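Contents: one structure, followed by commentary.
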Amino acid sequence: MTTHGDSATRAGAPAVAARTGTPTGDDQPAEATAGLSAALTDLRAAIDAARFPLALPSAESARHAARSLTDQLDDYLLPRLARLDAPLLVVVGGSTGAGKSTLVNSLVQARVSAAGVLRPTTRSPVLVCNPADAAWFRQGELLPGLTRTTEPSEHPGTLQLVTAPALPAGLAFLDAPDIDSVVDANRALAGQLLAAADLWLFVTTAARYADAVPWELLRSARARGTAVAMVLDRVPPEAADEIAAHLSEMLASQDLGAAPLFVLPETWVDGQGLLPDRMTAPLSGWFARLAGDAEARSAVVRQTLDGALAALHPVVEGLADAADEQMAAAEALDERVRAAYRGAERTVDQGLRDGRLLRGEVLARWQEFVGTGEFFRSLEARIGRLRDRMVAAVTGRPAPAAELRTAIESQLVTLLRGVAAEAAENAYTGWKAHPAGAALLEPELAYASADLPARGEQLVRDWQRAVLELVRVEGGDRRFVARTAAYAVNATGLAVMIGVFASTAFIPTGLEVAAGTGTAVAGQTVLQAIFGDQAVRNLSRKARVDLLDRVGALLTEEAARFLARTEAARPATDAGAALRQAAVTVERARHRSGLTTADGAPSPTATATDQDGRHHP
């Protein structure tokens, strides 16, 4: 049999007296409470909009805080604010095997909650109320996320409703799962239920009253201004005074010294599994007096409600800081990527300006193109071009113009592949050094896209066609347009492409002159004769800008592989500001609502309790 015992009681108010007044909930102006409800609804929307997906040190705690705030808003603050006159909800919480269910059964004088030696016993919460109050809890306004049932359930997502005529109207008990349950879902639900309480009745034992988990929750209750009462259960009679005194000292050290403390020494339960009436009489009497005093009940509700509202601001401020950190991290990751690909664009631009692309195969093909006279012949009549094509067909060797164009394409594609690979590696390394970036990486991001060579080749071919079209358009406005049939757009376009590879619009540097033996000068002279000096410069400038624009677009597509990951995880830009504004609005509405009370006010349940600090039945 389970043992319990006689009770010694330090009867007093729930540990909220310092911030409580005496007006009842019915005194609150409807407009003020409606404004507060609207402010809380806006706050909930701001919390929903704030996301914390990036792997930062603050992210997990922020996600937990956001879930807890949302639960408290849905489970308690909004429904309680809508009905300040609803029954006082006492959530009975405590450690595994503390005797919560036995105590609830004894207080309502019926076996309404399962009690036994198997742990955990209470798998789904049980709410007990007077039949007159059943409608309030059955409608689901309080704890709307729990499915109502009238039968015991193994599922923690249900709330079993039981009526007990012996329980006074205006008061309800909720037997919650163990706060230290071995079942994760039970522990989470226990915390959620405690946050929905008007009054916490904490049940602990002589063997476990100093455990860390209960004290963590008690500190949370103190921070939120929740009303608290304590039951010290299963205390050996000979040690009752000593243990009660020690627990009282611990409560006082945590600013919970005003919490009523009821001591239940070990004893036998009766055949119904209930504690003897004389053992529970002090606690039953305390609750009976509280239930019979509408003003005291209302004051407890208002006290806990106001405490919970006051506690919102610092928590929301912490969420706002975490949201700002998320945004800053996303922007930092984006900047590392953009910096890597900006560097790639600069490398391409420099490669076009410093003449490096005029070396090697391109230079050899240009010399061949100019030195063999094809460049000049291609500027002659169409018959010359037809003759060259016939020669190429007979010999099987591409014309020098085709070889030059291929060499230009190959040189540019090689440059693009190199800068894209380097940019991908730099962006990958930058993210890997950042905790949030490392969590977003995939191995393939360390390299350029698999199809980049093909896209690079297409880019160069499209650019070459655009250069030819540019030459065609620029030449169309000149007076010698009537003689354009005598000129080859292809040859002129190739000369312009070579000009793009020089630093000053096809005016060769010393290096280029030395390497090219002056052949570039010959090409430039002819172009100037056809188009004029300024036109040559304009052609080369426009062609270079066009090429760089195309390269920029290609590299932007490459960078998007990274940026898409931060975009998917990015919170709203103003999430932090929205949270702060919502918290300020709630605080203002709280003060206007009349819930806020002055420090030093008397206890809301002072009239329902003894004030001498100790009581013996």
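Here are a few things to note about the model shown:
- Taking amide hydrogens as placed 1.01 Å from N in the peptide plane, the amide H of Val231 sits under 5 Å from those of Phe202, Val203, Thr204, Phe262, each at least 5 positions away in sequence or on another chain.
- Restricting the calculation to Cα atoms, the range 94-230 shows an Rg/Rh of 0.93 when the hydrodynamic-style radius is the Kirkwood one.
- Gyration tensor verdict on the range 200-309 (Cα atoms; rounded if a/c is under 1.5, prolate if a/b is larger than b/c, oblate otherwise): oblate
- Ordered by solvent-accessible area of protein heavy atoms (1.4 Å probe), largest first, the residues Asp211, Asp175 come out as Asp211, Asp175.
- Per residue, the accessible area of the range 50-90 comes to 37 Å² when a 1.4 Å probe rolls over the protein heavy atoms.
- For the range 226-269: rounded, prolate or oblate by the Cα gyration tensor [a/c cutoff 1.5]: oblate
- Protein heavy-atom accessible surface, 1.4 Å probe, per residue over the range 127-202: 36 Å².
- Considering only the Cα atoms of the range 58-163, their convex hull presents on average a projected area of 7.8 nm².
- Coupling constants for the range 575-585 follow from the phi torsions by the Karplus curve (6.51 cos²θ - 1.76 cosθ + 1.60, θ = phi - 60°), and in residue order they are 4, x, 5, 5, 5, 5, 5, 5, 5, 5, 5 Hz; glycine and proline get x.
The values are calculated or read from the model by the stated rules, or taken from the named source; none is laboratory data. Note that the structure is a prediction, hence the values are computed from the model and not measured. Ligands, DNA and RNA are stripped out before the accessible areas are found, and what is left, the full protein with its side chains, is counted by its heavy atoms. Shrake-Rupley method; radii C 1.70, N 1.55, O 1.52, S 1.80 Å.
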